[in-house]
Each structure stands twice: as C-alpha cells, then as structure tokens.
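A.B. asks: Input: one structure, supplied below.
Computed from the coordinates by the stated procedures, all read-outs in this text should not be read as laboratory data. Predicted, not measured: the structure shown is a model, and the values here were computed from it. We place every Cβ from the backbone using ideal geometry, glycine too, and count neighbours over all the protein chains shown.
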Amino acid sequence: MSLPLYQKVDEKARACSFCFLWYNLSMAIKQEQIERAIALAKAYGAARLILFGSAATAPRQARDLDLACDGVSGWKLYELGARLEEELRIPLDLVPLSPPTRFTRLIEQRGKILL
C-alpha cells in the first residue's frame, strides 16, 4: 500500500531535518584537529599560525576551520591547505598573513595565536 503524497513529503522532511542536525552536531572542531593543524603547519615551515572565525570563538558550533599562516608562501601554502583538509576532514580556509592587509591585521588582533 502506497502512502499519500503529503505523508511521503513529511517523511522526507523529517529525514532531512535529522541529517541536518546530525551534520551540525558532527562538525564541532576538536582539539586533536587543532593540534594536528599546528603540527602540519610546522612541518611546512610556518612561522605563525592564527585561528580565527567560528572555530576560535565557538568551536562546538564551527563547521569549518579558519587559519591564517605566515612563513609558508607560494605553492607550498596551497599544498598545506590541501593536506590540512585531507587529514582533518573538515572544510578549511587558509589565509596568508603576508603581505599585511586590513583583513590580516583584524585576524592578528582578534584571532587565537596557535604558533
């Protein structure tokens, strides 16, 4: 026996709500991920690493990792970003701190210094 269309739609909405809730709960940034990010940044020669954004202010609600890095330039910065995303398995924004901009100065003022 087939369900009426409105019941099928309602079941799908409940399933989507559950998936959305599970996704949000499972995306909290863990301390182990931060520590691994620091280790990888050091391995790539980073002189400074700053955590900013939601991962710095509310890690339990964060859905991505925002990092600013100094000492890794050019293609190596892209390699570091790819390696971080691959190993940490979370979306990532990696911003170079050099050259300084209004945005990077704001990160330096408000961010959490990791390295």
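A.B. asks: Calculate the spin-label point distance for ARG102 paired with ARG89, positioning each point 7 Å from the Cα along the beta-carbon direction, and give it in nanometres.
C.D. replies: 4.0
A.B. asks: Let me ask you something else. Antiparallel as a % of all DSSP beta bridges within segment 28-113, to the nearest 5?
C.D. replies: 60
A.B. asks: Place a point 7 Å from Cα of ALA82 in the direction of its Cβ. Which residues in segment 34-51 have their backbone N less than 16 Å from it?
C.D. replies: 44
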